[in-house]
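Single-structure report; data block below.
The values are calculated or read from the model by the stated rules, or taken from the named source; none is laboratory data. Fair warning: this is a prediction, and the values are worked out from it, not measured in the lab. A quick note on method: Cβ atoms are made from the backbone with ideal geometry, for glycine too, and the neighbour counts reach across all protein chains shown.
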Amino acid sequence: MLENIISPIELHKFTVTELEQLAAEIRQMILSTVSKTGGHLAPSLGTVELTLALFSVFDLEHDKLVWDVGHQAYTHKILTNRREKFRTLRTLGGISGFPKRSESKYDAFGVGHASTSISAALGLLIASELGGEHRNVIAVIGDGALTGGESFEALNHAGQLKKNLIVILNDNEMSIDKNVGALSEYLSQIRLTPRYRQAKKDFETFVKRIPIPSISDRILHTANSIKYGVKSAISAGGIFEALGFVYIGPVDGHDIKAMQETFTRVRELNEPVLVHVHTVKGKGYAPAEESPDKFHGVGRFDIESGELEKKMSPPTYTSIFSRAVIDCAKVDEKIVAITAAMPSGTGLKTFSEMFPERFFDVGIAEEHALTLAAGMAAGGLHPIVALYSTFAQRGYDQLLHDICLQNLPLTLCLDRAGLVGEDGPTHHGVFDLSYLRPMPNMSVLAPKDENELRQMIFAAVKREAPIAIRYPRGAGVGATVLKKPAPLPWGRSELISKFRGEADAAVFAVGSMVEKSLKAAEILKYERIYVNVVNVRFVKPLDREMIIEQAKAARILVTVEENVLSGGFGSAVAEVLTDENLPKKLLRLGIADRFVEHGARSELLKLCGLSPEAIAQSIRENIPPKKDI
């Protein structure tokens, strides 16, 4: 059936039985593809029927559908002319793992970070109205993304404007009591009937005609109080109705017929509506249903056994961070840990089990996480805030205003810094050096290996100032990790490879680029091009002495960073050379002024000129010819 679908509008002709058969085909395609490419399996398996119901009711040639985050949009991609390309999911040159406007006209809005769909959908709806067009605009948001403050800001605004926005709350986490659920579904159907809505309007009109305003107002107030009191006792929708939305649900997110009936009636309402849909994460694949967190975002796996593909490799930076924070917390009771819906991803899960009263998961609310940490620091604690680099961007103002301005003692640990691979531009952490470096009072550190990460964490928790430590995704380089780290010379870089005479180049490598730069130096040594390699360690405070020293010891300076070149470490070195009036050639290697696509990290490093071979080639091309004596 799937092979014969040319346009999503064709689904309007399908029977419920045919749609259920199609759902089985789509699940098999998702499983088959993701087992080979990796991806967000459990969320997309949970929204197959929901997507089919939406596509079979709404006219997506005209109506607009916005997915929040995009983890759950694989069925959407398959049904919108990307079935043949789906096998290229998340591979270099293939289709993205998230909705992307440049990829399809059916991708109404590009996503990748949480809690944005309602704002974007409301904007699309307003744009349509101002353009003289009438269309349905639907936002699909998960219950996790609903913990983000932006989603409630958008709900509040949409309710105020009284626009006919349709929000689908895809609830795949909360368990719903059967009795309450059944009653809520019954009440939902009543609220959807025209007679109920007309009766409600007739009652309000009748009461308002009472000539004594104080009495009519009192009757309406009492009626509303009773209505909301009863509704709050039996339904989860009170908060949404208070924000100006008609609340419908919960509806079984795997019952296509029930959703079709609901969506058909909802699209006729001329006011904001929130439809609460309950789905099962990982639906149809037992291993994913049993372990939805494990299969939320996965690498390659065996479909039959559900076993993930394992590779022999050194411990990950995340696991080293986890052990270091626990060891620090054992001896310092002032240490607390905070994350934003990422206890497993950031490595704080074990900490939460060992120190439950000192662990705080705030949900998808990075701004709150950082100001919460600032308050804790002001109260005498030392918070360790663990976020993915790409998500820390959402708390820029809190970092600058609430933390740095007050110079509060706090350690910000940025996991997944640099190029993260298959998740692509929405998840690459390549901007943190540039936005953290200008912040007064902030120190910015980047370890060259696992042992240095542990060393930095032990040093950071003892300092009375804000400190950010950024480190890459995945396995370390295999360094020996010392239980008792050596003291870290604060603000000092490390010369780890030195040529005895005048070097052809001095390479200042930041964090993950140290290993790559050492390999590049080895390549060049066989060509009699001699390179000094400096482990920067501190992007801020900057080791100006080392920069000046190497400017005098080498023919050119080279900076290598897994960060955008604009405002990054290379810019800091250029500032020093200018300030000191040193006429030295500077070659800056890093991420160019563009968004980097998705693909394997090794492929992306090569694409950006940051593989050992590419670094060696850039140095080779920029060494000035030696003057004849």
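Of all residues in segment 267-290, count the ones that are in a helix (DSSP H, G or I) and surrounded by fewer than 16 Cβ atoms within 10 Å (Cβ to Cβ). Don't jump to the end; show me each part of the working.
Applying the first criterion (in a helix (DSSP H, G or I)) to segment 267-290 yields 286-290.
With the extra rule that they be surrounded by fewer than 16 Cβ atoms within 10 Å (Cβ to Cβ), the set shrinks to 286, 290.
Residues flagged as in a helix (DSSP H, G or I) and surrounded by fewer than 16 Cβ atoms within 10 Å (Cβ to Cβ) within segment 267-290 amount to 2.
Among the strands (runs of 3 or more DSSP E) lying completely within segment 531-629, list those that include at least 2 residues that are over 24 Å from Glu452 (Cα atoms).
In segment 531-629, the matching strands (runs of 3 or more DSSP E) lie at 554-564, 585-591.
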Matching residues, segment 209-266, being assigned to a loop (DSSP other than H, G, I, E, B), at pLDDT 65 or above and either closer than 22 Å to Lys162 by Cβ or assigned by TED's automatic domain parsing to the domain that holds Ala23 (or both): Gly237, Leu243, Gly244, Phe245, Gly253, His254, Asp255
Name the residue that is nearest to Arg537 (Cα to Cα), counting only residues in segment 429-457 that are surrounded by fewer than 24 Cβ atoms within 10 Å (Cβ to Cβ) and of a type in the set (D, E, K, R). Asp449
State which residue is surrounded by the fewest Cβ atoms within 10 Å (Cβ to Cβ) when the search covers only segment 334-370 and only residues that are closer than 16 Å to Ile469 by Cα and under 14 Å from the mean Cα position of the chain (by Cα). Thr346
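Quick one: which helices (runs of 4 or more DSSP H) lie wholly within segment 8-68 and hold at least 3 residues that are modelled with pLDDT of 95 or more and of a type outside the set (A, V, I, L, M, F, W, C)?
Details: elements: 16-37, 41-45, 48-57.
Counting at least 3 such residues, we get 16-37, 48-57.
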Across segment 585-613, what is the number of residues that are under 21 Å from Val514 (Cα atoms) and either in contact with a Lys or Arg (Cβ under 6 Å, 6 or more places away or on another chain) or among the charged types (D, E, K, R) (or both)? 7
Please tell me if Ile469 is in contact (Cβ under 8 Å) with a residue 24 or more places away in the chain, in a strand (DSSP E or B) and surrounded by fewer than 18 Cβ atoms within 10 Å (Cβ to Cβ). no
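I'm trying to understand the selection: among the residues of segment 577-629, which are of a type in the set (Val, Ile, Thr) and under 23 Å from Val531 (Cβ atoms)?
Looking only at segment 577-629, we keep the residues that are of a type in the set (Val, Ile, Thr), and these are 578, 591, 596, 615, 619, 623, 629.
Across segment 577-629, the qualifying residues are Ile591, Ile615, Ile619, Ile623, Ile629.
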I'd like to verify a number: residues in segment 577-629 that are farther than 25 Å from Gly299 by Cα and among the aliphatic types (A, V, I, L, M), how many? 13
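Have a look at Val514, Val481, Val477 and point out the one that is crowded, with 22+ Cβ neighbours inside 10 Å, in contact (Cβ under 8 Å) with a residue 60 or more places away in the chain, among the aliphatic types (A, V, I, L, M) and out of contact with any His (no Cβ under 9 Å at 6 or more places or on another chain).
Numbers: Val481 fails: crowded, with 22+ Cβ neighbours inside 10 Å; Val477 fails: crowded, with 22+ Cβ neighbours inside 10 Å.
It is Val514.
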Which ranges mark the helices (runs of 4 or more DSSP H) fully within segment 331-420 that have 3 or more residues being under 30 Å from Val564 (Cα atoms) and out of contact with any Ser or Thr (no Cβ under 8 Å at 6 or more places or on another chain)? 366-378, 389-392
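I'd like to know if segment 269-281 contains one or more residues that are among the basic types (Lys, Arg), over 14 Å from Ile168 (Cβ atoms) and within 23 Å of the chain's Cα centre (by Cα).
Filtering segment 269-281 down to residues among the basic types (Lys, Arg) leaves 281.
Still in the running and over 14 Å from Ile168 (Cβ atoms): 281.
Narrowing the set further to residues that are within 23 Å of the chain's Cα centre (by Cα) leaves 281.
Checking segment 269-281: at least one residue is among the basic types (Lys, Arg), over 14 Å from Ile168 (Cβ atoms) and within 23 Å of the chain's Cα centre (by Cα).
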Exactly one condition in (1) surrounded by fewer than 23 Cβ atoms within 10 Å (Cβ to Cβ); (2) at pLDDT below 95; (3) of a type outside the set (D, E, K, R) is false for Gly375; which is it? (2)
Being more than 20 Å from Gly570 (Cβ to Cβ) and among the aromatic types (Phe, Trp, Tyr) is the requirement here; does Phe431 meet it? no
Residue by residue through segment 69-79, note down the ones that are of a type in the set (S, T, N, Q) and at pLDDT 95 or above. Thr75
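Taking the conditions exactly as written (under 30 Å from Leu45 (Cβ atoms), surrounded by 20 or more Cβ atoms within 10 Å (Cβ to Cβ) and in contact with a helix residue (DSSP H, G or I) (Cβ under 9 Å, 6 or more places away or on another chain)), does Phe301 satisfy them or not? Break it down stepwise before answering.
Values: under 30 Å from Leu45 (Cβ atoms): yes; surrounded by 20 or more Cβ atoms within 10 Å (Cβ to Cβ): yes; in contact with a helix residue (DSSP H, G or I) (Cβ under 9 Å, 6 or more places away or on another chain): yes.
Yes; evaluated as a whole, the condition is true for this residue.
Right, Phe295: aromatic (Phe, Trp, Tyr), assigned to a helix (DSSP H, G or I) and crowded, with 17+ Cβ neighbours inside 10 Å or not?
Numbers: aromatic (Phe, Trp, Tyr): yes; assigned to a helix (DSSP H, G or I): no; crowded, with 17+ Cβ neighbours inside 10 Å: yes.
No.
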Per-region count, segment 495-511, residues surrounded by fewer than 21 Cβ atoms within 10 Å (Cβ to Cβ) and within 33 Å of the chain's Cα centre (by Cα): 0
Can you say whether Ala486 is modelled with pLDDT under 95, farther than 30 Å from Ser96 by Cβ, surrounded by fewer than 21 Cβ atoms within 10 Å (Cβ to Cβ) and of a type in the set (A, V, I, L, M), as far as the supplied structure shows? yes
All positions within segment 517-558 that are aromatic (Phe, Trp, Tyr) and in contact (Cβ under 8 Å) with a residue 24 or more places away in the chain: Tyr530, Phe538
Picking from Arg620, Arg594, the residue that is among the basic types (Lys, Arg), at pLDDT 95 or above, touching a helix residue (DSSP H, G or I) at 6+ places or on another chain (Cβ under 9 Å) and surrounded by fewer than 18 Cβ atoms within 10 Å (Cβ to Cβ) would be Arg620
Could you go through segment 511-523 and let me know if any residue there is more than 30 Å from Thr91 (Cβ to Cβ) and among the basic types (Lys, Arg). no
Filter segment 21-33 for residues that are farther than 19 Å from Asn170 by Cβ and out of contact with any Lys or Arg (no Cβ under 6 Å at 6 or more places or on another chain); the one that is surrounded by the most Cβ atoms within 10 Å (Cβ to Cβ) is Leu22
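In the set Gly395, Gly380, which member is within 22 Å of the chain's Cα centre (by Cα) and in contact (Cβ under 8 Å) with a residue 12 or more places away in the chain?
On the way: Gly380 fails: within 22 Å of the chain's Cα centre (by Cα).
Exactly one residue qualifies, and that residue is Gly395.
Criterion first (free of Cβ contacts under 8 Å to residues at least 12 places away in the same chain and either in contact with a helix residue (DSSP H, G or I) (Cβ under 8 Å, 6 or more places away or on another chain) or not in a loop (DSSP other than H, G, I, E, B) (or both)) does Lys85 satisfy it?
Values: free of Cβ contacts under 8 Å to residues at least 12 places away in the same chain: yes; either in contact with a helix residue (DSSP H, G or I) (Cβ under 8 Å, 6 or more places away or on another chain) or not in a loop (DSSP other than H, G, I, E, B) (or both): yes.
Yes: the conditions hold for Lys85.
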